[in-house]
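Just below is one structure, and these are the notes that go with it.
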Amino acid sequence: MEQQGAVSGVRYRLIDALRGLSLLNMLAYHFLYDIIVIYGGDARWALQPAVVAWERYICCSFILIAGVSLNFSRHAWRHGVLVSVCGIVITAVTAIAIPGQVIVFGVLTFIGAAILLVQALRRLLERCNPFTGAAVSLLLFAFFYGMPVAHTVGFFDVPLLRLPDALYRFRPLAAVGLPDAGFYSTDYFPLVPWLFLFVCGFFGWRALVSLNADRFFVRGVPLLDVVGKYTLWIYLIHQPLLMGVCFLMFGGF
């Protein structure tokens with residue numbers, strides 16, 4: 001996504017660097033996942049607290065930065081459609097090539113949909129106080145965090161109310177965070193709660209700009225900011241490359 005400042009033309013290279021750092025973490029996580037879980041057959045590795053925390057950091061940082069970056073996009077509609085199409089392609093490829101690891105409504109599909117939805121509401125959102133918007137969005141993310149998996153609402157993993165099972169019976173509603181019992185995806189990011197985190201990033205950057213703190217984001221980190229410029233394309237090719245390395249290491253799938 002374009003990273004130029006809307007008025008000044010300044011590129012915020014630190015945001016590129018933070019995106020690049022998240023991408024490198026994701027590459028490392030997926031490589032270990034392929035080796036330990038897919039080839040090693042140890043599904044318990046992904047459930048270890050440290051690994052879960054690492055995976056959540058990667059997810060949250062990507063989505064927050066995507067929300068931040070929407071503030072700079074000069075072609076948001078086009079970019080949202082492109083990312084959505086890439087997400088659909090990944091779903092199709094995984095369904096055919098590795099159905100046991102199929103990705104349905106994964107992170108790219110989500111980010112594409114989030115870009116389009118927030119862009120549609122952008123004029124309305126820009127009228128809101130950015131500090132209030134960021135705070136409310138973060139609270140809503142925490143409140144609905146348990147909805148897709150635990151079927152609860154509350155404060156992250158602390159449930160306050162269990163939602164009726166009747167809400168989780170229609171497969172299409174998996175996209176909004178109400179998956180039915182037969183739904184399966186190895187990379188699942190429904191609109192609720194993740195859209196609230198995306199919007200928090202959108203508002204968060206505007207809050208920083210109002211404090212004149214955006215000047216601290218002009219300087220980048222060598223190599224990381226370069227990697228961060230090509231996140232989408234690296235994401236699309238990384239898993240086939242990693243699986244190819246594993247194929248060479250272990251002699252087959």
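The values are calculated or read from the model by the stated rules, or taken from the named source; none is laboratory data. If you're wondering where the values come from, they're calculated on a predicted model, not measured in any experiment. With ideal geometry, Cβ positions are generated from the backbone for all residues, glycine too; neighbour counts draw on all protein chains shown. All accessible areas refer to the heavy atoms of the entire protein, side chains included, with ligands and DNA or RNA removed. Shrake-Rupley method; radii C 1.70, N 1.55, O 1.52, S 1.80 Å.
Within the accessible area of the stretch 197-246, the carbon and sulfur atoms contribute 72%, probe 1.4 Å, all protein chains present.
The residue among 54, 79, 24 whose Cα reaches farthest toward the positive pole of the charge dipole of the chain, with charges on the beta-carbon of Lys, Arg, Asp and Glu, is 79.
Packing, as the average of other Cβ atoms within 10 Å across residues, places the peptides 75-83, 110-118 in the order 110-118, 75-83, highest first.
Please go through the stretch 165-253 and write out the trypsin sites (Lys or Arg not before Pro) that DSSP classes as loop and that have at most 16 other C-beta atoms within 10 Å.
Filter output for the stretch 165-253: 169, 219.
Among 102, 149, the sequence by solvent-accessible area, most first, with a 1.4 Å probe is 149, 102.
About its Cα centre, what dipole magnitude does the stretch 5-77 give when the only charges are +1 on Lys and Arg Cβ and -1 on Asp and Glu Cβ, stated in debye to the nearest 20?
Working: 6 positive and 4 negative charges, 69 e Å.
Dipole size: approximately 320 debye.
Per-residue 3J(HN,Hα) values for the stretch 114-128, derived from phi via the Karplus relation 6.51 cos²θ - 1.76 cosθ + 1.60 with θ = phi - 60°, read 5, 4, 5, 5, 5, 4, 5, 9, 4, 4, 5, 5, 5, 7, 7 Hz in sequence order (x marks Gly and Pro).
Solvent-accessible area per residue for the stretch 150-253 at a 1.4 Å probe radius, Å²?
Values: 6090 Å² over 104 residues.
It amounts to 59 Å² per residue over the stretch 150-253.
Given contacts defined as C-alpha pairs under 8 Å and at least six residues apart, what's the relative contact order of the stretch 1-143, whole-number percent?
Working: 104 pairs, mean separation 31.5, N = 143.
Relative contact order for the stretch 1-143 comes out at 22 percent.
For the pair the stretch 33-109 / the stretch 180-214, the C-alpha centres are spaced 14 Å from each other.
The magnitude of the dipole of the chain, with charges of +1 and -1 set on the Cβ of Lys/Arg and Asp/Glu and taken from the Cα centre, is near 720 debye. Residues in the stretch 131-145 carry Karplus couplings, in order, of 5, 5, x, 5, 5, 5, 4, 5, 5, 5, 4, 5, 5, 9, 4 Hz; the curve used is 6.51 cos²θ - 1.76 cosθ + 1.60 with θ = phi - 60°, and Gly or Pro positions show x. Summing Lys and Arg as +1 and Asp and Glu as -1 over all other residues whose Cβ lies under 15 Å from the Cβ of residue 103 gives a net charge of -3.
Amide H contacts of residue 11: 5, each under 5 Å away and 5 or more positions distant or on a separate chain (H built 1.01 Å from N in the peptide plane; Pro and chain starts excluded). Derived scalar couplings between HN and Hα for the stretch 160-177 equal 10, 8, 8, 7, x, 4, 4, 6, 10, 10, 10, 3, x, 6, 4, 5, 9, x Hz in order, rounded to whole Hz, by the Karplus curve 6.51 cos²θ - 1.76 cosθ + 1.60 (θ = phi - 60°), x for Gly and Pro. In the complete set of protein chains, residue-level accessible area for residue 171 is approximately 120 Å², probe 1.4 angstrom.
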